[in-house]
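Novice: One structure, as C-alpha cells, below. Some questions next.
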Amino acid sequence: MKLFFCDIETSGLDEREHGILQISGEIIIPNKDDISIMLKPRLFPSDVFDPDASAVNGISATEAYSEARPTPNDTLTTFTKILDKYVNRYNRQDKLIFVAYNATFDDRFLRKFFEKCNNRYYGSYFHWPPIDVAVLAMEHLKNVRETLPNFKLHTVAKHFNIAVEEGKLHDASYDIWLTKTIYSYITKEEVK
C-alpha cells in the first residue's frame, strides 16, 4: 500500500478556469522513509486569479504569475520524475492511493494540471477513487455533525482535539499534516 497525501492551493475554485499555486504531497510507503514534495508552479497565462484566493492562501497575483516560479510544464516534469521513483506507470497495479481532505477538489485540479501540460498519464500514477478524509470524518462524526459550525479541515481537527495553528492554515504542507493526523485518528493507522 502506497499512500500519497496531497493538498493543492489554487487561484480559485474551478479547475477549468483557475490554476495550481502549490502542490504539496507526502508519499508514504511501509518500511521506507516518507518523501515530501513541495512545488510552487507559476500559473498558466490563461489561468484566472481570483482575488478571494489570495485572502485564503496569502499568495498574490504578482507572485502567482512570477517568472521566478517554474513553469507548469517544468513543475510537472519535476513531479512525475519523483513519482516515477515510486510507481511503475506501465503497471496497472503499481499506483499510489491519493488521500486528501475534500479529495475530489485536489484530484480534479491535479488531473486538470496534467491535462493542461498535455500529459495523459495522471491515471497511471494514482488509483481511483481517492480516499477523502472528509468523508471518513463525516462517517465518524455523523451523530454530532449538527453541533459543528462547519466541516472545514481545522474545525474537524479541533473536534478531535488536534492542536491547530491558525496562522499555518492553507499552507499546503501544514494542511497535509492535519489531514494525516485526522486520518490516523479515524483509521487507527499510524502515518508519520
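Novice: Going by the conditions given, is Ser11 of a type in the set (S, T, N, Q) and surrounded by 21 or more Cβ atoms within 10 Å (Cβ to Cβ)?
Specialist: Here the answer is yes, as Ser11 does meet what is asked.
Novice: Could you tell me whether any residue of region 17-24 is farther than 14 Å from Leu110 by Cβ, touching a strand residue (DSSP E or B) at 6+ places or on another chain (Cβ under 9 Å) and part of a loop (DSSP other than H, G, I, E, B)?
Specialist: Yes, region 17-24 contains a residue that is farther than 14 Å from Leu110 by Cβ, touching a strand residue (DSSP E or B) at 6+ places or on another chain (Cβ under 9 Å) and part of a loop (DSSP other than H, G, I, E, B).
Novice: Right, here's the next one. Any residue at all in region 158-166 that is surrounded by fewer than 12 Cβ atoms within 10 Å (Cβ to Cβ), outside any helix (DSSP H, G or I) and among the polar types (S, T, N, Q)?
Specialist: yes
Novice: Does region 115-131 include one or more residues that are over 19 Å from Gln22 (Cβ atoms) and among the charged types (D, E, K, R)?
Specialist: yes
Novice: List pairs: first in region 11-25 and closer than 16 Å to Asp52 by Cβ and touching a residue at least 40 places away in the same chain (Cβ under 8 Å), second part of a strand (DSSP E or B) and acidic (Asp, Glu), Cβ under 7 Å, 6+ apart or cross-chain?
Specialist: Leu21/Glu9
Novice: When only residues in region 141-157 that are in a helix (DSSP H, G or I) and within 15 Å of Ile176 (Cα to Cα) count, which is nearest to the chain's Cα centre (by Cα)?
Specialist: Residue satisfying both the conditions and the ranking: Leu153.
Novice: Does region 26-39 contain any residue that is under 17 Å from Glu115 (Cβ atoms), out of contact with any helix residue (DSSP H, G or I) (no Cβ under 7 Å at 6 or more places or on another chain) and touching a residue at least 40 places away in the same chain (Cβ under 8 Å)?
Specialist: For region 26-39, residues under 17 Å from Glu115 (Cβ atoms), out of contact with any helix residue (DSSP H, G or I) (no Cβ under 7 Å at 6 or more places or on another chain) and touching a residue at least 40 places away in the same chain (Cβ under 8 Å): absent.
Novice: Somewhere in region 183-191, is a residue in contact with a Phe, Trp or Tyr (Cβ under 8 Å, 6 or more places away or on another chain), of a type in the set (A, V, I, L, M), modelled with pLDDT under 95 and outside any helix (DSSP H, G or I)?
Specialist: yes
Novice: It is to be established whether one or more residues within region 117-131 are among the hydrophobic types (A, V, I, L, M, F, W, C), closer than 30 Å to Arg92 by Cα and modelled with pLDDT under 95.
Specialist: Within region 117-131, none of the residues are among the hydrophobic types (A, V, I, L, M, F, W, C), closer than 30 Å to Arg92 by Cα and modelled with pLDDT under 95.
The values are calculated or read from the model by the stated rules, or taken from the named source; none is laboratory data. As the structure is a prediction and not an experimental result, all values here were calculated from the model. All Cβ positions, glycine included, derive from the backbone under ideal geometry; neighbour counts span all protein chains shown.
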